[in-house]
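Worksheet for the structure shown next.
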Amino acid sequence: MGLTASLLAVDAGNSKTDVAVVNGDGEVLATARGGAFRPPAVGVERAVDALGEAVTRAFAAAGVSSVEHVSACLANADLPVEEEQLAAALHARGWGASTEVRNDTFAVLRAGVDEPRGVAVVCGAGVNCVGMRPDGRTARFPAIGRLSGDWGGGWGLAEEALWHAARAEDGRGEPTELARALPAHFGLGTMYALIEALHLRRVEAVRRHELAPVLFATAAGGDPVARSIVDRQADEVVAMATVALTRLDLLAEQTPVLLGGSVLAARHPHLDDRIRELLAARAPEAVPRVVTERPVLGAALLGLDRAGAAPGAHARVRAHFAG
């Protein structure tokens, strides 16, 4: 112990954390997995404490005590000021001589491209979009929910489905199979019963996310209301991607558009087809692809980009995670 490696790569999300210790030539010395990273729920220090448990295990496995640079892509680092605050908190732990924090959507983007050029839209619990060019220019959105103009993601889709189903049952809205399918998921017979169960917390609010797959299944069955919600999500994904491409002057150039997060990675046929149809109309040069690479790879590649590592290092770390 006491040795120093080149890079600590961190991908910290709302459900899990992955870290990797990497040499300058791209050799992965050790990896570790930790729990959720949720500063808004537990505070910055406790969240970094939890992150530190995984870092400690990775350092021990690699036989090092510190690194030259920490490249951390973190959930809940939605604004530049939050990135700065989290970078200061991580740097205070002494893990690396320098520390850079980015929103975790950048990890998804960088993992899916051979050079730091493209746009990524992530649709998981929420929705976010970033873009980058090799010259360092980036495009991003605040992505903190309806307050910043966002719509959709798993939570948003579930809320929208509940809204339409409630109005369908009481007569204010159009009929939809959602009024039967959503309560049935919880073994209930009516939307009224589900509304009561959610309000009185007999069904915990955290379980609402389970309704997004029910929405997609109902849409696949041809329900017009469910399909309209899915169509709107596709429109939101393409709107974000198109704006990011435009800001980076990439709209007229063949450019990767990476689709990530649980909602998009599920490749629901109607959503996937609609996104590609809208992209073809609004950004014909965009090349859409669902990201399958692990985001911690993107954090490592961003660190190697910063260090000016040789292309062979990028290929070596990518081959490790592909394996």
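The values are calculated or read from the model by the stated rules, or taken from the named source; none is laboratory data. Since the model is a prediction, treat every value here as computed from it, not as a measurement. Ideal geometry is used to build each Cβ from the backbone, glycine not excepted, and the neighbour counts take in all protein chains shown. For accessibility, only protein heavy atoms count, side chains too; no ligands or nucleic acids. Shrake-Rupley method; radii C 1.70, N 1.55, O 1.52, S 1.80 Å.
Here's how it looks for Asn76: its modeled amide H is under 5 Å from those of Asp104, which are all 5 or more places away or on a different chain. By the equivalent-ellipsoid construction on the alpha carbon gyration tensor, the range 232-289 comes out with semi-axes of 19, 11, 10 Å, ordered largest to smallest. Heavy-atom surface analysis with a 1.4 Å probe gives the chain a carbon and sulfur content of 52 percent of its accessible area. Residue separation of Leu198 and His320 scaled by 0.36 nm, minus their Cα-Cα distance, works out to 39.5 nm of gained length.
Maximal additional length on extending the Glu84-Thr246 stretch stands at 55.7 nm, based on 0.36 nm per residue less the C-alpha distance. Maximal additional length on extending the Phe186-Ala92 stretch stands at 29.3 nm, based on 0.36 nm per residue less the C-alpha distance.
Rounded to the nearest 10 degrees, the inclination of helix 311-322 to the longest alpha-carbon principal axis of the chain is 50 degrees. Along its first, second and third principal axes, ordered by size, the range 188-287 spans 52, 26, 18 Å in Cα coordinates. Let a ≥ b ≥ c be the square roots of the eigenvalues of the Cα gyration tensor of the range 254-315; is it rounded (a/c under 1.5), or, if not, prolate (a/b larger than b/c) or oblate? Here the range 254-315 falls in the oblate category.
Simple spin-label estimate for Arg133 and Val206 gives 4.4 nm between the two label positions (7 Å along the Cα-to-Cβ direction from each Cα). The sum of -39500 (n - 2.57) across all DSSP H runs of n ≥ 4, divided by the residue count of the chain, sets its helix-only mean residue ellipticity at 222 nm to -14500 deg cm²/dmol. Once both axes come from the Cα atoms, what is the angle between helix 153-170 and the longest principal axis of the chain, in degrees from 0 to 90, rounded to 10? Roughly 10 degrees between the two axes. Within the range 245-269, whose backbone N sits under 14 Å from a point 7 Å along Cα→Cβ of Glu285? Of the residues in the range 245-269, 245-257 have backbone N under 14 Å from the label point off Glu285. Against the main long axis of the alpha-carbon atoms of the chain, helix 224-247 sits at an angle near 30°. With a ≥ b ≥ c the root eigenvalues of the C-alpha gyration tensor of the range 202-248, is it rounded (a/c under 1.5), prolate (a/b larger than b/c) or oblate? Here the range 202-248 falls in the oblate category. Extent of the range 5-68 along its three principal axes (Cα atoms, max minus min coordinate, largest first): 37, 18, 17 Å.
When the alpha carbon coordinates of the chain are projected onto the principal axes, the ranges are 68, 47, 36 Å, largest first.
Share of Cα-Cα pairs in the range 122-166 beyond 13 Å, in percent? Roughly 60 percent, once rounded to a whole number.
Over all distinct Cα-Cα pairs of the range 12-130, the Kirkwood formula returns a hydrodynamic radius of 14.8 Å.
A 1.4 Å probe run over the protein chains yields, for the range 124-219, 51 Å² of accessible area per residue, whole-number rounding. When restricted to Cα atoms, the range 77-145 yields an Rg and a Dmax of 12.9, 34 Å, respectively.
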